[in-house]
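Written below as structure tokens is the structure these notes are about.
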Amino acid sequence: MKKYILSSLAVLSAAAFTSCNDMLDTDPRVTEMTQATFPGKPADVEALNAATYSIMNTMGGGDSDNQNIFFWWEVMSDDCYGSGGLQDNKVKSLHHLVEMSTSQFETPFILLYGGISRANNQIETIDNVPWTDKQQAQRNQLLGEAYFMRGLYTLWLTQLFGDVPLITSTTITPEMEEQVSAEDVIYPQILSDFVSAKSLMGTDKGFGDGHANKYVAEAFIARAYMFWAGFYKKVGELATGSAPAITLVEQEGCSGSLSQADVVSGLKEIIGSGAYKLCEDYRSLWQYSNSLLWAEAQDDADHGYAFIKDMKRENCFDMPGMGNGNTEELFQIQFMNASSWNIGGTYNAQRMYSNYISVFWGLRNGASNQNGDRNNTYPFNQGWGQGTPSCNIWDDWTDAERSGEYTDLRKKASLIDLDNELAKYTYEKDDCEESGYSVKKYAEVNLDACGANNDTWWSQAPGYTSSSLDNKMQGDHFEDFYLMRYADVLLMATELTGDASYMNLVQKRAGVPETPYSLKAVQNERRWEFAFEGLRFNDLRRWSGKDAGESSIAAKALQAQAGKKIVCLGDKSNKRTMEHMTCSWAERYAATNGFLAKPQTQITLMNGKIEQNPGWDAADAKTQYKVLY
């Protein structure tokens with residue numbers, strides 16, 4: 001069972017490398033070293049590489065505002081509400097596609113440019129090292145990882161904010177300061193970086209914990225291409241339509257163009273390699289299936305967690321090939337026992353080495369005098385109750401099961417049905433937008449053996465050492481956050497080709513009927529398979545196409561939340577329904593195309609070279625947060 005990410009260099013590098021709060025004025029190098037002298041040896045490049053990756057921990061780990069953009073995208077989708085307590089207004093503003101302040105979304109804007117700058121530095125300085133012939137594979141791997149991470153950070157940046165400056169050098173030219181077209185300029189660079197990475201990296205899955213390889217690059221080529229083709233080129237059904245080839249940027253490992261056939265070829269190479277396979281049991285992916293909780297289920301029929309009792313022990317989360325480092329995990333953010341209230345520095349990453357999404361999605365449980373009492377919530381633990389699953393995902397999933405006359409294991413593997421699974425659960429008196437469901441994936445897990453309400457099962461795992469956070473409920477979360485699973489490779493292959501055999505493997509694992517290809521079937525499979533993994537919102541966007549208005553797939557899906565019954569202020573008898581705070585979800589989506597507001601501080605800093613996104617005029621009341629509860 002792996003319990004740490006990258007290497008110990010990630011901790012050292014995060015402290016050693018600095019950057020300013022200006023996203024374009026970023027120097028990721030050690031303070032007293034220059035490009036002329038550093039890096040001087042392979043280990044120096046590995047340190048640069050660890051620093052480049054560590055931005056993912058900063059985003060995927062902890063902060064009071066939760067910087068995990070995949071959590072953001074989930075909250076912005078139709079599968080989650082904002083929820084939380086009355087004071088948790090930032091998450092509710094995301095859900096309603098409004099803002100509380102003109103620079104509310106600045107943190108990922110700065111972080112992603114910081115990661116891009118670190119990758120640029122790694123690309124530019126890698127040949128300061130006098131690589132020997134025997135070291136060329138190592139050199140190429142490290143260069144490929146830098147290209148990959150630059151492409152990844154740029155992809156996330158433009159999916160969040162649309163047209164932005166494209167930074168491809170540590171020397172910022174006036175041209176780079178200008179906002180450019182994501183469709184025509186940025187996506188060709190993103191895909192070129194992924195193609196360079198594919199060409200330079202090897203296929204070794206063991207190059208280091210959490211590192212990319214050739215197959216990872218091929219999978220992200222598909223994800224980026226499909227968003228570009230669907231959202232910008234408006235190819236609604238890729239299996240029957242076809243986007244044009246995209247002209248690539250000339251750089252090491254990359255030239256020519258990339259077609260849909262090339263993308264499919266890359267996915268087929270991953271599938272044909274045999275390097276990855278689906279876990280036999282879907283529950284193996286999630287920490288609630290750990291063998292310690294499984295053992296309690298075998299020993300205590302009345303109190304043990306019955307949902308995992310029928311699992312094979314060898315399929316438990318902490319068994320070889322399962323859970324962290326499992327057989328279908330291509331790329332992920334990993335975590336380790338290094339969190340601290342004091343880890344911060346420039347990037348405010350104070351809890352970055354804990355998977356803090358477990359805290360945000362944790363149960364906001366119990367009356368105030370019982371908060372955190374695991375007798376009410378066993379085996380799940382206390383959290384902040386943000387990003388509550390919507391009624392829509394449960395209802396739509398149930399309708400799909402009824403129409404097909406099957407039971408989809410993934411529904412109860414992904415969601416906690418509070419009324420039926422946790423009979424003693426009571427709502428907090430300051431909560432709002434409760435649906436009766438909670439996220440089971442990534443949920444905090446307790447054990448009878450823990451002996452304390454706010455302990456986590458990790459404290460009982462072999463090799464555990466307490467984190468420096470000294471708060472187990474908030475600090476001891478080491479479950480990988482998946483960024484790419486083999487199931488996604490299979491479903492992308494079906495969506496691009498119309499060959500249902502790939503999708504059927506995913507359906508078979510879930511115990512649902514294997515269906516022929518249809519776009520609707522793929523859309524459903526993606527929603528069920530990746531529930532709460534942060535993919536739904538951008539899937540809706542690419543199936544809608546840019547500027548599709550209030551009749552788009554995305555706008556209609558979001559608007560379907562309106563009128564659903566919710567529990568507010570702990571009162572299950574209330575007649576509150578989910579309503580948009582300023583206008584409607586359809587109107588806000590149509591106005592913004594799903595992009596967030598660019599931070600006004602950066603627009604001001606750049607003297608108008610960056611323009612605010614449509615739909616975010618601060619003078620328009622429809623864009624501004626309004627208290628509902």
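The values are calculated or read from the model by the stated rules, or taken from the named source; none is laboratory data. Keep in mind it's a predicted model, so treat the numbers as computed, not measured. FYI the Cβ positions are ideal-geometry reconstructions off the backbone, even for glycines, and counts take in every protein chain you see. Note: areas computed on protein heavy atoms with side chains; ligands, DNA, RNA excluded. Shrake-Rupley method; radii C 1.70, N 1.55, O 1.52, S 1.80 Å.
Might you report the magnitude of the Cβ-based charge dipole of the chain about its Cα centre, with Lys and Arg at +1 and Asp and Glu at -1, to the nearest 20 debye?
Its charge dipole is roughly 500 debye.
Return the carbon/sulfur percentage of the accessible area of the chain, one whole number, probe 1.4 Å, all protein chains in place.
Ligands and nucleic acids excluded, carbon and sulfur reach 48 percent.
Sort the following peptides by mean Cβ neighbour count (other Cβ atoms within 10 Å, averaged over residues), highest first: 179-185, 317-323.
Top to bottom by mean Cβ count within 10 Å: 317-323, 179-185.
If Lys and Arg each add +1 and Asp and Glu each add -1, what is the summed charge of the other residues whose beta carbon sits under 9 Å from the beta carbon of residue 623? Intermediate results must be reported in sequence, preceding the final value.
Details: positive: 588, 622; negative: 99, 617, 620.
Net charge in that neighbourhood comes out at -1.
Roughly what would the spin-label model give for residue 101 and residue 181, points 7 Å off Cα along C-beta, in nm?
3.6 nm
Give me the distance in nm between label points sitting 7 Å out from Cα along the Cα-to-Cβ direction at residue 499 and residue 133, one decimal.
Those two pseudo-labels are separated by 4.0 nm.
Could you size up the charge dipole of the range 172-243 around its Cα centre, putting +1 on the beta carbon of Lys and Arg and -1 on that of Asp and Glu, and report it in debye to the nearest 20?
It comes to approximately 380 debye.
So, how do all the Cα-to-Cα distances of the range 141-280 break down into 10 Å bins, in percent, from 0 on up?
12, 41, 34, 12, 1, 0
Run a plain Debye calculation on the chain (Cα atoms as equal point scatterers, no solvent) and give log10 I(q)/I(0) at q = 0.08, 0.09, 0.12 Å⁻¹, rounded to two decimals, same order as the q list.
Calculated log10 I(q)/I(0) at the listed q: -0.54, -0.69, -1.34.
From the helices alone, meaning DSSP H stretches of at least four residues, give me the mean residue ellipticity at 222 nm for the chain, per-run term -39500 (n - 2.57), in deg cm²/dmol to the nearest 500.
-11500 deg cm²/dmol
Give the long-range amide H neighbours of residue 577: residues separated by 5 or more places, or on another chain, with amide H under 5 Å away, using H modelled in the peptide plane at 1.01 Å from N.
Amide H neighbours of residue 577: 566.
Write down the accessible area per residue of the chain in Å², having rolled a 1.4 Å probe over the full set of protein chains.
34 Å²
Quick one: what does P(r) look like for the range 46-196 with 10 Å bins over all Cα pairs, in whole %?
10, 35, 31, 17, 5, 1, 0
Can you give the extra length, in nm with one decimal, that the chain gains between residue 612 and residue 252 once fully stretched, where that is 0.36 nm per residue apart less the Cα-Cα distance?
126.2 nm
On the first, second and third principal axes, largest extent first, how far apart are the outermost C-alpha atoms of the range 391-528 in Å?
51, 36, 24
Per residue of the range 238-244, in order, report the coupling 6.51 cos²θ - 1.76 cosθ + 1.60 (Karplus, θ = phi - 60°) as ³J(HN,Hα) in whole Hz, putting x for Gly and Pro.
Computed from phi, the couplings for the range 238-244 are 6, 5, 10, x, 8, 7, x Hz.
For residue 331, enumerate residues with amide H under 5 Å from its amide H, sequence gap 5+ or separate chain, H modeled in the peptide plane.
Residues meeting the amide H criterion: 483, 484.
Compare the Cα positions of 494, 91, 398 along the charge dipole of the chain (+1 at Cβ of Lys, Arg; -1 at Cβ of Asp, Glu; about the Cα centre) and return the one farthest towards the positive end.
Among 494, 91, 398, the one farthest towards the positive end of the dipole of the chain is 398.
Would you work out which of 378, 422, 590 lies farthest towards the positive end of the dipole of the chain? Charges go on Cβ: Lys and Arg +1, Asp and Glu -1.
Positive-end residue among those listed: 422.
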